[in-house]
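Report on the following structure.
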Amino acid sequence: MNILDKIIEHKRGEVAERKQQTSVKELEQQEGFKRSVLSLGQFLLDDAKTGIIAEFKRKSPSKGIINGAADVVEVTSAYARYGASGLSVLTDEQFFGGSTADLIKARVNQVPILRKDFMIDEYQIVEARAMGADVILLIAACLTPAEVKRLASFAASLQLEVLLELHAEEELEHICDETKLVGINNRNLKTFEVDIERSLRMAERIPAGKIKIAESGISSVANIRLFKENGFRGFLIGENFMKEAQPGAAFQKFIAQLETI
């Protein structure tokens, strides 16, 4: 059993427990559920913005603890202040050290927020809306094309956007009308190896009209330039900033370099 299989197995049990703790009706009464959502797609298509989706992540299965001391409000506020087009906040606790509370706290920022988690059930999408997310992640590697379409349609009914994440060419069939944002993960979720060239080859096969987002393994302004040349509008970066003692300052420095290209 690879790490992705382990995560999904654990997630099924976790979702079942959360359903017992909080009903859909209770989630719909929360303040976050009632707010007007922001469009990540619009932010990414705005040429005046950086296109970077800056991620808050404490740890990962492959790297262990990345930054266990970082404050979510301090870091995400710095990301927003220095030009992030969007924020990505991990809410998986078991494997990534995240929490629902992290996303709720990050909501002080007026930029789109992606709930970064392993979404397998409509209940999690209602949760995402209630905690103040604007976008959810659907990972093709752990869903069938039919499941992607069903969950994406449900997200749209709650005014949430969907980022469909691909990491293998055979997953291109998961793309549907409801998935306007298509991300290519440069890191294989099963082996955690990074291959940017494979991502660029896959990008050529993404249908016109989709907003392409590069995910993971981005560590330099040169990477951004290369992806832009290949039609990408979004760039999800987390570890490159979070591994530093001051992630916000690292992001500010990166943006200063980006503005020179």
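The values are calculated or read from the model by the stated rules, or taken from the named source; none is laboratory data. Treat the numbers as computed from the prediction; the structure is a model and nothing was measured. Ideal geometry is used to build each Cβ from the backbone, glycine not excepted, and the neighbour counts take in all protein chains shown.
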Return a yes/no flag: does region 186-193 have any residue that is closer than 17 Å to Gln42 by Cα, touching a Ser or Thr at 6+ places or on another chain (Cβ under 8 Å) and either surrounded by fewer than 23 Cβ atoms within 10 Å (Cβ to Cβ) or at pLDDT below 90 (or both). no
For region 208-261, enumerate the residues that are within 15 Å of Gly83 (Cα to Cα), small (Gly, Ala, Ser) and in contact with a strand residue (DSSP E or B) (Cβ under 8 Å, 6 or more places away or on another chain). Gly234, Gly238
Within region 61-98, of all residues that are in a loop (DSSP other than H, G, I, E, B), among the polar types (S, T, N, Q) and under 14 Å from the mean Cα position of the chain (by Cα), the one nearest to Leu258 (Cα to Cα) is Ser85
Scan region 143-170 for residues that are in a helix (DSSP H, G or I), at pLDDT 95 or above and either surrounded by fewer than 17 Cβ atoms within 10 Å (Cβ to Cβ) or in contact with a helix residue (DSSP H, G or I) (Cβ under 6 Å, 6 or more places away or on another chain) (or both) and jot them down. Pro145, Ala146, Glu147, Val148, Arg150, Ser153, Phe154, Ala155, Ala156, Ser157
Quick one: is Ser36 assigned to a helix (DSSP H, G or I), surrounded by fewer than 23 Cβ atoms within 10 Å (Cβ to Cβ), out of contact with any Ser or Thr (no Cβ under 6 Å at 6 or more places or on another chain) and not aromatic (Phe, Trp, Tyr)? no
Identity of the residue in region 1-33, farther than 30 Å from Asn223 by Cα and outside any helix (DSSP H, G or I), that ends up modelled with the lowest pLDDT: Met1
Subset of region 42-79 [under 16 Å from Arg107 (Cα atoms) and buried (at least 20 other Cβ atoms within 10 Å of the Cβ)]: Ile53, Ala54, Glu55, Phe56, Lys57, Val72, Val75, Thr76, Ala78, Tyr79
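Table: residues versus (1) in contact (Cβ under 8 Å) with a residue 24 or more places away in the chain; (2) touching a His at 6+ places or on another chain (Cβ under 8 Å); (3) over 19 Å from Gln159 (Cβ atoms).
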position	(1), (2), (3)
Ile8	yes, no, yes
Glu17	no, no, yes
Gly32	yes, no, no
Gly41	yes, no, no
Extreme residue, farthest from the chain's Cα centre (by Cα), among residues of region 41-60 that are part of a helix (DSSP H, G or I) and hydrophobic (A, V, I, L, M, F, W, C): Leu45
Elements of type helices (runs of 4 or more DSSP H) contained in region 192-261, each with 1 or more residues being without any contact (Cβ under 8 Å) to a residue 12 or more places away in the chain: 196-203, 221-229, 247-258
